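What follows is a short report on a single structure.
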Amino acid sequence: MSTFLGMPALPVYGTGNLHAAESFPKAAHRELGNAQLRANLGHATHTIRDKRLQVVSELPDWEQLRDAGSAIKESVMARLPELLEQFEANFTARGGVIHWARDADEANQVVAGLIRDTGETEVVKVKSMATQEIGLNEYLEEQGIAAYETDLAELIVQLDHDKPSHILVPAIHKNRSQVRDIFLREMEGVDPELTDEPARLAAAARAHLRRKFLTAKVAVSGANFALADSGTLAVVESEGNGRMCLTLPETLITVMGVEKLLPTWQDLEVFMQLLPRSSTGERMNPYTSLWTGVTEGDGPRNVHLVLLDNGRSAALADEMGRSALHCIRCSACMNVCPVYERTGGHAYGSTYPGPIGAILSPLMTGIQAEENSSLPYASSLCGACYDACPVKINIPDILVHLRSVDVDSKRGTKKIPTQMDVGMKAASWALSSGKRLGLLEKGLPLGRLAAGPDKKITKLPGIAAGWTQSRDIPAPPAQSFRDWWAKEKDGRK
Amino acid sequence: MRIALFATCIVDAMYPATAQATVKILERLGHQVVFPSGQACCGQMHVNSGYLKEAVPVVANHVAAFDTDDYDAAVAPSGSCVASVKHQHPMVARSCGDAALEARATAVGSKTYELSELLVDVLGVTDAGAQLGSYFPHRVTYHPSCHGMRLLKLGDRQSRLLTTVQGIDLAELPEADQCCGFGGTFSMKNADVSSAMLADKTANIAVTGASLCTGGDASCLMHIGGGLSRQGSTVKTLHLAEILASTMAEPASVTGEVRVTTGKATR
Ligand code: SF4
């Protein structure tokens with residue numbers, strides 16, 4: 001791969017909220033015990049899943065759109081350095097200021113510095129995955145700067161001192177009555193008679209947010225797309241709160257991952273069809289805001305963009321994993337994922353949950369980052385994510401690739417090989433010869449013995465114990481197919 | 001046609017009746033079946049668990065067993081193993097830099113079919129009852145496995161064949177396209193999540209009132225059957241090949257008691 005601006009010779013791995021603190025199976029075990037979470041999630045993902053299928057089926061050229069989206073992203077990754085330079089030149093020419101950040105710390109410092117220069121201690125925020133990723137809110141709080149989330153779901157999560165569990169619907173794990181309780185507890189000046197009616201809840205949030213919109217001098221946003229040929233940034237949202245933040249304050253600071261670039265305005269057309277349908281199941285996006293630098297007498301006077309690497313160059317350097325950077329954060333993969341549906345987003349430990357998180361987080365942090373190495377195994381490889389992904393990221397293949405990177409990275413580093421290592425080695429020996437497998441199958445009657453009179457095996461030792469936790473194994477047959485064939489068919493000739 | 005049977009390791013060792021049924025079906029259609037004796041396994045378990053190096057000899061063995069002109073097409077009664085042969089074998093060969101193996105693996109893959117694919121696309125079976133004499137008077141529900149459905153794009157080939165079995169009462173499985181949670185070593189590494197997925201699958205099966213759940217992958221059926229057995233359910237699992245091979249004169253044998261339901265012809 002070629003190098004791009006500011007890129008060091010060795011990959012810089014991502015820091016911030018990308019690391020799982022505990023292994024996926026452990027975290028999943030805990031989350032699975034939360035019946036409320038599972039009920040909320042099951043309901044929400046099924047609703048949005050059906051809606052997506054419906055609106056996608058309306059487009060006769062959906063597959064071609066996916067191909068186009070995938071091809072555009074592939075070309076972006078192939079010439080990222082050049083596009084970034086083009087973007088920088090255009091953005092700067094229109095009065096914007098660009099800052100480069102290698103990792104979460106650098107990005108946080110840049111943003112805090114810019115806010116400090118304005119003399120403000122309060123900022124309003126547009127929902128942004130990049131700032132979640134770098135832990136900006138927490139960092140600003142340490143610096144004495146209060147960041148107010150203005151996206152409704154993000155606001156709910158923030159008020160509850162919780163973490164988002166879904167990239168599009170951060171509060172997907174909460175239901176209406178939980179939201180009402182949070183508002184009553186945490187929102188200043190809220191009506192004590194508040195009910196859990198969606199309209200009443202929205203009105204309460206609206207009153208709360210309006211005060212913030214009208215007083216804030218600084219806004220922080222993410223960006224969904226950046227157009228290289230014009231130096232334009234785009235934010236796509238559904239509530240209009242984003243538009244308030246992007247137009248009212250004097251200073252606008254955007255934090256964006258370098259992979260969000262698109263070559264031209266025209267390319268946006270493809271993604272404006274793919275994104276809303278894949279994410280919210282809507283035909284068209286309600287609020288799309290685009291801005292190009294500073295405009296005389298209109299909008300923010302100071303426009304900054306922090307271009308974030310934070311492990312993206314490391315992901316780009318992985319030939320098989322590179323396409324994970326095509327992700328447009330639509331969340332379709334998590335909404336169809338059977339694993340996500342049952343564990344929720346917190347089990348993944350990173351800002352990016354679900355199938356894309358299971359590959360993106362370890363790619364960005366490096367597989368060596370201890371608990372992140374458990375993420376690529378958090379999938380049954382059913383392939384539903386690949387089918388749903390609007391930019392055709394082959395998530396199952398990348399999962400398998402990362403598993404092999406993990407296994408290889410641990411080869412020879414362990415004093416004692418794991419049961420899995422030993423088992424796989426033995427199985428490789430047995431299964432690489434018809435003769436050897438045939439000989440082993442002569443032992444099948446032993447398995448029948450172990451199964452006992454009710455013809456099932458109910459307890460296995462070691463790593464296989466996971467299987468017998470909820471499943472039996474049938475007694476093996478008296479004779480393998482191979483033996484039957486040798487006797488019945490070959491013998492006959 | 002001369003058709004090479006790839007029995008797959010699970011079927012060979014645990015479900016020989018499925019392979020025998022496959023042979024029966026093909027012979028009944030007038031084809032000759034050969035069994036390359038060097039075969040063992042597709043290596044999917046190794047690949048999917050990240051043990052690519054250990055997968056190499058397994059893949060090489062499969063390619064050696066099937067890389068002959070001795071047959072016109074190879075068939076396996078398993079979507080996931082066929083997907084592995086087609087998609088994973090060339091990738092494994094590439095990973096160890098063996099271009100010759102990659103080319104041979106690709107050639108073997110292009111001649112390998114999943115059972116329903118071979119029956120419908122190559123052998124022109126459109127009516128199992130009429131062409132194979134398939135007769136199975138039970139209420140059955142069908143689970144389409146992920147690899148067949150998504151990797152091989154089998155579409156409705158399997159269920160179309162099932163609907164043409166005489167006497168069958170095919171009950172639609174709610175959320176049929178949801179993974180059963182097997183996923184090979186996933187069922188052990190993430191046993192809790194896998195069990196939760198299985199519980200939903202078996203609950204959906206119970207809703208159908210079927211006495212049997214069928215499908216095209218022995219491994220998924222072993223998983224689902226293992227869960228049903230643990231839950232004390234009377235519902236059994238049976239491979240699609242065995243239902244297709246079942247005739248009035250020679251009915252499929254199902255271990256354990258099967259609630260015989262009055263079958264209705266579905267045509
Ligand atoms: S990986 Fe694909 S489906 Fe998942 S969030 Fe990204 S773009 Fe959407």
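Please treat every number below as a calculation from the coordinates, not as lab data. These numbers were taken from a predicted model, which means no experiment stands behind them. Note that each Cβ is placed from the backbone with ideal geometry, even for glycine, and that neighbours are counted across all protein chains shown.
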Order of A:LEU168, A:LEU53, B:LEU52 under a 10 Å beta carbon neighbour criterion, fewest first: A:LEU53, A:LEU168, B:LEU52
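Using unit Cβ charges (K, R positive; D, E negative) and no other charged atoms, how large, in debye to the nearest 20, is the dipole of the protein assembly as shown about its Cα centre? Present the calculation step by step, with values, prior to reporting the outcome.
Numbers: 74 positive and 84 negative charges, 521 e Å.
Around 2500 debye, computed over the protein assembly as shown.
Can you figure out the FRET efficiency of A:ASP105 with A:ASP50, using R₀ = 41 Å and their beta-carbon distance, to the nearest 0.05?
Values: r = 42 Å, r/R0 = 1.03.
According to the calculation, E is roughly 0.45.
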Rg(Cα) / (2.2 N^0.38 Å) computed for the range B:126-267, rounded to two decimals: 1.01
Alpha-carbon Debye profile of the range A:311-364, log10 I(q)/I(0) at 0.18, 0.26, 0.29, 0.30 Å⁻¹: -0.56, -0.99, -1.12, -1.16
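Suppose every Lys and Arg Cβ carries +1 and every Asp and Glu Cβ carries -1, with no other charges. What dipole size does the range A:407-458 come out with about its Cα centre, to the nearest 20 debye? Mind showing how you got there, number by number?
Details: 11 positive and 4 negative charges, 22 e Å.
It comes to approximately 100 debye.
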Amide hydrogen neighbours beyond the local backbone of B:THR237, cut-off 5 Å, H modeled: B:CYS213
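Going by a ≥ b ≥ c, the root eigenvalues of the Cα gyration tensor, does the range B:89-187 fall in the rounded group (a/c under 1.5), the prolate group (a/b larger than b/c) or the oblate group?
Working: a/c = 3.70, a/b = 1.66, b/c = 2.23.
Judged from the Cα gyration tensor, the range B:89-187 comes out oblate (a/c at least 1.5, b/c at or above a/b).
Would you list A:LYS489, A:LYS212 from fewest to most Cβ contacts within 10 Å? It would help to have the intermediate numbers written out before the result.
Working: A:LYS489 14, A:LYS212 20.
Ordered from fewest to most neighbouring Cβ atoms within 10 Å, A:LYS489, A:LYS212 come out as A:LYS489, A:LYS212.
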Number of partner chain Cβ atoms within 10 Å, mean per residue of A:342-353: 1
Computed label-point distance, nm, for sites A:ASP229 and B:THR68 using a 7 Å Cα→Cβ extension: 5.9
Chain lengthening between A:LEU290 and A:TRP429 when straightened (0.36 nm per residue, less Cα-Cα): 44.1 nm
Cα long-axis angle, helix A:354-365 against chain A (0 to 90 degrees, to the nearest 10): 80
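Please express the shape of the range A:368-420 as an equivalent ellipsoid: the semi-axes are the square roots of 5 times the eigenvalues of the C-alpha gyration tensor, given largest first in whole angstrom. All intermediate terms of the calculation are to be shown ahead of the outcome.
Details: eigenvalues 144, 21, 15 Å².
Semi-axis lengths for the range A:368-420 are 27, 10, 9 Å.
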Residues of the range A:121-144 with amide N under 17 Å of the 7 Å Cα→Cβ point at A:GLU250: A:121-124
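So which trypsin sites (Lys or Arg not before Pro) in the range A:355-456 end up in coil per DSSP with only 12 or fewer other C-beta atoms within 10 Å? Display every interim value, and only then the final one.
Working: sites: A:LYS392, A:ARG403, A:LYS410, A:ARG411, A:LYS414, A:LYS415, A:LYS425, A:LYS435, A:ARG436, A:LYS442, A:ARG448, A:LYS455, A:LYS456; in loops: A:LYS392, A:ARG411, A:LYS414, A:LYS415, A:LYS442, A:LYS455.
Those that pass, being in a loop and sparsely packed, are A:ARG411, A:LYS414, A:LYS415, A:LYS442.
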Averaged over A:450-456, number of beta-carbon atoms from partner chains that fall within 10 Å: 1
Spin-label pair B:ASP127/A:SER75, simplified geometry with 7 Å Cα→Cβ offset, distance in nm: 5.2
Cα→Cβ-extended label distance, 7 Å offset, between A:LEU214 and A:LYS455, nm: 7.7
Sorted by Cβ neighbour density within 10 Å, fewest at the top, the residues A:ASP61, B:ASP177: A:ASP61, B:ASP177
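Quick check on the range B:44-104: what are the equivalent-ellipsoid semi-axes from the Cα gyration tensor, as sqrt(5λ), descending, whole Å? Don't jump to the answer; show the numbers that get you there.
Values: eigenvalues 70, 44, 15 Å².
Working through the eigenvalues yields semi-axes of 19, 15, 9 Å.
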Reach of A:LYS487 by Cα under 18 Å, taken over lysines that are not fewer than 8 positions away in the same chain: A:LYS435, A:LYS442, B:LYS24
At 1.002 mPa s and 20 °C, Stokes D of chain B from Kirkwood alpha-carbon radius, µm² per second: 114
Sorted largest first, extent of chain A alpha carbons per principal axis (Å): 93, 58, 52
Anisotropy class of the range A:192-253 from Cα gyration tensor, a/c 1.5 cut: oblate
Chain B: angle of helix B:16-28 to the longest principal axis, Cα-based, in degrees nearest 10: 90
Under 21 Å from the Cα of A:LYS26 - lysines, other chains or at least 8 residues apart: A:LYS163, A:LYS410, B:LYS189
Lone cysteines, chain A (no partner Cβ under 4.7 Å): A:CYS245, A:CYS327, A:CYS330, A:CYS337, A:CYS389
Whole-number D in µm² s⁻¹ for the range B:163-213, Kirkwood Cα-pair radius fed into Stokes-Einstein, 4 °C, 1.567 mPa s: 106
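Can you tell me how much longer the chain between A:GLN178 and A:VAL422 gets when fully stretched, taken as 0.36 nm per residue apart minus their C-alpha distance, in nm with one decimal?
Working: separation 244, 0.36 × 244 = 87.84 nm, distance 4.82 nm.
So the chain would gain 83.0 nm between A:GLN178 and A:VAL422.
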Tensor-based shape of the range A:1-160 (alpha-carbon gyration tensor, a/c under 1.5 rounded, otherwise prolate or oblate): oblate
Charge-dipole axis of the range B:7-150 as Lys and Arg at +1 and Asp and Glu at -1 on Cβ define it, positive-most pick from B:LEU118, B:MET14, B:VAL33: B:MET14
Amide H contacts of A:ALA146 (H built 1.01 Å from N, under 5 Å, at least 5 apart or other chain): A:GLU122, A:VAL123
In degrees, nearest ten, helix B:191-208 long axis to first principal axis of chain B (Cα): 40
Filter on A:LYS456/B:LYS153; A:LYS51/B:LYS153; A:LYS414/B:LYS53; B:LYS86/B:LYS236 - keep pairs with C-alpha separation over 26 Å: A:LYS456/B:LYS153; B:LYS86/B:LYS236
Per-bin percent of Cα-Cα distances, the range A:51-115 [10 Å]: 16, 25, 27, 24, 8
Inter-chain Cβ neighbour average for residues A:459-472, partner chain, 10 Å: 6
